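This report concerns only the one structure given below.
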There are 2 protein chains.
Amino acid sequence: MAPRSCSVANALEVVGERWSLLALREVFFGNTRFDQIAANTGASRDVLTVRLKKLVAAGVLEKHQYSDHPPRHEYHLTDAGRALHNVLLMFKEWGDTYVTQGPLPLVYQHSCGAVLEPRVVCAHCGEEATLESLSRAPESAA
Amino acid sequence: MAPRSCSVANALEVVGERWSLLALREVFFGNTRFDQIAANTGASRDVLTVRLKKLVAAGVLEKHQYSDHPPRHEYHLTDAGRALHNVLLMFKEWGDTYVTQGPLPLVYQHSCGAVLEPRVVCAHCGEEATLESLSRAPESAA
DNA sequence: CCTCCTAAGTTGGCTTTCCCAACTCACACT
DNA sequence: AGTGTGAGTTGGGAAAGCCAACTTAGGAGG
């Protein structure tokens, strides 16, 4: 039997390898240079090279030259890359709740002033999108 | 330099390996048996064995015996496992938008009747938690 | 009783990835 | 001339992954 066709699997094909998401986390933090990403993630430089190439090829990052002499580069987020922030946010929330021991390494403040407690809601009604509140829509493919 | 301490990294330690999230996806779909998970994810059986053991050890899944004679098992979600649904949801959303070609393999309907368009919001004010609306809170550790 | 079947892994052998440290290259700085 | 920095490359060994076949423990059919 062929494995299930699924957007989660498709997404993981692109950003599901080890270090990819952590590299993106660094870019979100503004650490856009190779050495910064390597140091802050702990990825080995050769693997990081491959991951960054793949992320650029996938349209998640763009490689920017910010100096001609000497040639120096920065990695910037595309729209697709920026859209991954929600994924990171959910990982962070889950890690905060179920994995991280002791004080949280990072706490976000929302522009409303409160400490961020993220919730996933339905854009249409604003109610939370819980596991129980979801069903397969009729237009789903077989 | 030591890599950054981060709940995203911690979360990925637990569920970031290949096949882990896809195995969980299957359990969310109600495919709780080894062979179903293997067939629907495409993971090789030996790797899947290791992943499931790790997920059980991490408290994300529980192994249930549903028949004594012959011994048969099912994997069930714990609270921590159920909490990962948001992560899957965000991956699905991102994959739907930026990776999957053609018709979406799965569309969710929210209990309000609308097709689900998930949004991440601040639980306090209900406004969207965009990248720009977030800042590092003062209580964040160094 | 003998054979086939299912569930849930195990095992062996091979291939691919990963990790680490050291090295390169191009340029600037002093 | 020598040192430093950014951005990778390279080589070699260790670990993980993949596949197909095998096992174990017990039904079900004839």
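For the stretch B:1-38, how many residues are under 11 Å from B:Tyr75 (Cα atoms) and either touching a Cys at 6+ places or on another chain (Cβ under 6 Å) or small (Gly, Ala, Ser) (or both)?
Number satisfying all stated conditions: 2.
Does A:Ser135 satisfy the condition of being facing another protein chain (nearest Cβ under 7 Å) and assigned to a loop (DSSP other than H, G, I, E, B)? Full working, then the answer.
On the way: facing another protein chain (nearest Cβ under 7 Å): yes; assigned to a loop (DSSP other than H, G, I, E, B): no.
No; evaluated as a whole, the condition is false for this residue.
Which of the residues belonging to the stretch B:102-132 are under 22 Å from the mean Cα position of the chain (by Cα), more than 7 Å from chain A (Cβ to nearest Cβ) and not in a strand (DSSP E or B)?
Answer for the stretch B:102-132, where residues must be under 22 Å from the mean Cα position of the chain (by Cα), more than 7 Å from chain A (Cβ to nearest Cβ) and not in a strand (DSSP E or B): just B:Thr130.
Tally the residues that are part of a loop (DSSP other than H, G, I, E, B) and either under 23 Å from B:Ser7 (Cα atoms) or of a type outside the set (A, V, I, L, M) (or both), restricting the search to the stretch A:40-92. Walk me through how you get there before you give the answer.
Going through the stretch A:40-92, the residues part of a loop (DSSP other than H, G, I, E, B) turn out to be A:42-44, A:58-60, A:68-71, A:78, A:84.
Filter again for either under 23 Å from B:Ser7 (Cα atoms) or of a type outside the set (A, V, I, L, M) (or both), leaving A:42-44, A:59-60, A:68-71, A:78, A:84.
So the answer is 11.
Take the stretch B:48-72 and flag every residue that is near DNA strand C (Cβ under 8 Å from one of its atoms) and touching a helix residue (DSSP H, G or I) at 6+ places or on another chain (Cβ under 7 Å).
B:Leu48, B:Leu52, B:Lys63, listed by residue number.
Within the stretch B:87-113, can you find the residues that are of a type in the set (Gly, Ala, Ser) and surrounded by 15 or more Cβ atoms within 10 Å (Cβ to Cβ)? Walk me through how you get there before you give the answer.
Start the filter on the stretch B:87-113 by keeping residues that are of a type in the set (Gly, Ala, Ser), which leaves B:95, B:102, B:111, B:113.
Once the filter is applied, which keeps residues that are of a type in the set (Gly, Ala, Ser) and surrounded by 15 or more Cβ atoms within 10 Å (Cβ to Cβ), the stretch B:87-113 yields B:Gly95, B:Ser111.
Quick check on the stretch A:2-21: of everything there that is surrounded by 22 or more Cβ atoms within 10 Å (Cβ to Cβ) and over 14 Å from the mean Cα position of the chain (by Cα), which residue is nearest to DNA strand C (Cβ to nearest atom)?
Looking at the filtered set, the residue picked out is A:Ala9.
Which residue is farthest from DNA strand D (Cβ to nearest atom), if the candidates are limited to the stretch A:40-59 and must be surrounded by fewer than 17 Cβ atoms within 10 Å (Cβ to Cβ) and facing another protein chain (nearest Cβ under 8 Å)?
Restricting to residues being surrounded by fewer than 17 Cβ atoms within 10 Å (Cβ to Cβ) and facing another protein chain (nearest Cβ under 8 Å), the top hit is A:Gly59.
Hey, can you tell me all the residues within the stretch B:22-31 that are surrounded by fewer than 19 Cβ atoms within 10 Å (Cβ to Cβ) and more than 10 Å from chain A (Cβ to nearest Cβ)?
B:Gly30
Enumerate the pairs (first residue in the stretch B:52-65 and on the phi > 0 side of the Ramachandran plot and without any contact (Cβ under 8 Å) to a residue 60 or more places away in the chain; second residue anywhere and away from DNA strand D (no atom under 16 Å from the Cβ) and assigned to a loop (DSSP other than H, G, I, E, B)) with beta-carbon separation below 7 Å, excluding pairs fewer than 6 apart on the same chain, so at least 6 apart or on different chains.
Here the result reads B:Gly59/B:Thr78, each pair linking the stretch B:52-65 to a residue that is away from DNA strand D (no atom under 16 Å from the Cβ) and assigned to a loop (DSSP other than H, G, I, E, B).
Checking A:Ser20 against (1) within 14 Å of DNA strand D (Cβ to nearest atom); (2) of a type in the set (S, T, N, Q); (3) out of contact with any His (no Cβ under 9 Å at 6 or more places or on another chain): exactly one of these is not met. Which one?
(1)
Filter the stretch A:1-21 down to residues that are in a loop (DSSP other than H, G, I, E, B) and not basic (Lys, Arg) and give me whichever is farthest from the other protein chains (Cβ to nearest Cβ). Step through it out loud before you land on a result.
So the first thing to find is which residues in the stretch A:1-21 are in a loop (DSSP other than H, G, I, E, B), and the list is A:1-6, A:16-19.
Filter again for not basic (Lys, Arg), leaving A:1-3, A:5-6, A:16-17, A:19.
Working: A:Met1: 5, A:Ala2: 8, A:Pro3: 3, A:Ser5: 4, A:Cys6: 5, A:Gly16: 7, A:Glu17: 8, A:Trp19: 9 Å.
Selected residue: A:Trp19.
No value in this document is a laboratory result; all are computed from the given coordinates. For clarity, every value in this text was computed on a predicted model and none was experimentally measured. Ideal geometry is used to build each Cβ from the backbone, glycine not excepted, and the neighbour counts take in all protein chains shown.
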